[in-house]
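Right, one structure below, let's go through it.
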Amino acid sequence: MARATQLAGDVSNLLQCVYELLPALSSDASEMLGSNLSDAALRDMHSKCRRLLAVLIVRGSPLRPLHAAFRRGLDSAAAVRQVSTGRFR
């Protein structure tokens, strides 16, 4: 149980660090929000942060709703499904 708590803390801290650094790396607000990503590094950063946020959500979810969401498999869940542009919904 201590490792699960540590995982949640580590993911939260990592997302907080990206939140603090992202304005310095973005040239405008659309890049910071992830809607216009011409830079590959920023696109990859947004993608990885979305995945980490999904991990944090799944880790903190009660078991019954989590089972209902993923009962047809991981790929069927909207939280982890990718759209055609490569971004998460």
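Laid out as a table, the results:
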quantity: Inter-residue pairs, beta-carbon under 8 Å, first farther than 10 Å from V11 by Cβ and in the stretch 32-59, second hydroxyl-bearing (S, T, Y), 6+ apart; calculated: M32/S26; N36/S30; L42/S26
quantity: Residue list for the stretch 1-27, restricted to those being surrounded by 11 or more Cβ atoms within 10 Å (Cβ to Cβ) and small (G, A, S); calculated: A8, S12, S26, S27
quantity: The stretch 28-47: number of residues that are exposed (fewer than 11 other Cβ atoms within 10 Å of the Cβ) and in a helix (DSSP H, G or I); calculated: 3
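Any read-out appearing in this document is the output of simple, stated calculations on the displayed coordinates, not a laboratory observation. Note that the coordinates shown come from a computational prediction; the quantities given were computed from them, not determined experimentally. Quick reminder, even Gly has a Cβ in these numbers, built from the backbone with ideal geometry, and neighbours come from all protein chains shown.
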